[in-house]
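S.K.: Submitted below is the structure of interest, expressed as structure tokens.
What follows is calculated from the coordinates using simple rules that are stated; it is not laboratory data. Note that this is a predicted model, so its numbers are computed, not measured. Every residue, glycine as well, gets a Cβ built from its backbone with ideal geometry; the counts of neighbours run over all protein chains shown.
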Amino acid sequence: MSRYLILLTFMSIILLFASCADCTTKVNKMAEQVYNESSLGDNLPPHAFKSDGCSCWPDGEWLECCVKHDLLYWMGGTGEERKDADLELRKCVTEKGHPILGQVMLLGVRIGGVWWIPTPFRWGFGWNYPDSGPPGKEIFDGRRKWWRN
């Protein structure tokens, strides 16, 4: 029994590292395509758009869903916009034939994509931390003034 547990643990660690592996060329090409096909308006974040694909999740046939989701996370905005972006990710993955995976990914981004943790995939990552979107559209805009002092 303990051998199986050790093997399962080892395989889980390998899967985690494999899913976080950098497949930069494919992701960068798709990110450039998604960015160029988007109409984003004038008030863009100061940092250039980049995508890491499906942040520490295997980049399967749903990779495009993750890159589009990254574009929305890069832009940031209100809490409602974040919720809409996350629901769109679930919908996209579900439409690719993976409804359970879509639900699991939704849970992951709702927990891990919050603006207040300074990760490279947080909500509003295109803006200078702790900003989460353009002025006037940030999450908790009025309540975060203490953060800057």
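S.K.: Show me, for the stretch 128-137, the HN-Hα J-couplings you get by feeding each phi into the Karplus relation (A = 6.51, B = -1.76, C = 1.60, θ = phi - 60°), rounded to Hz, glycine and proline as x.
M.R.: Working through the residues one at a time gives 5, 4, x, 4, 10, x, x, x, x, 10 Hz.
S.K.: In which sequence would Trp123, Trp57, Trp116, Trp74 go, from the one with the fewest C-beta neighbours within 10 Å to the one with the most?
M.R.: Ascending number of Cβ neighbours within 10 Å: Trp116, Trp57, Trp74, Trp123.
S.K.: At a Cα cut-off below 17 Å, give the aspartates and glutamates reachable from Lys137, other chains included and same-chain residues fewer than 8 away excluded.
M.R.: Filter leaves Asp42, Glu80, Glu81, Asp84.
S.K.: With the Cα gyration tensor of the stretch 20-95 giving a ≥ b ≥ c as the square roots of its eigenvalues, does the rule (a/c under 1.5 for rounded; else a/b larger than b/c for prolate; else oblate) give rounded, prolate or oblate?
M.R.: Oblate shape, in that a/c is at least 1.5 and b/c is the bigger or equal ratio.
S.K.: Just want the ordering: Asp42, Asp59, Asp70, from fewest to most Cβ atoms lying within 10 Å of their own Cβ.
M.R.: Asp42, Asp59, Asp70
S.K.: Any lysines with Cα under 23 Å of the Lys26 Cα? List them, leaving off those in the same chain fewer than 8 positions away.
M.R.: Lys50, Lys68, Lys91, Lys96
S.K.: In what sequence do Lys68, Lys50 fall when counting other Cβ within 10 Å, fewest first?
M.R.: Lowest to highest Cβ neighbour count: Lys50, Lys68.
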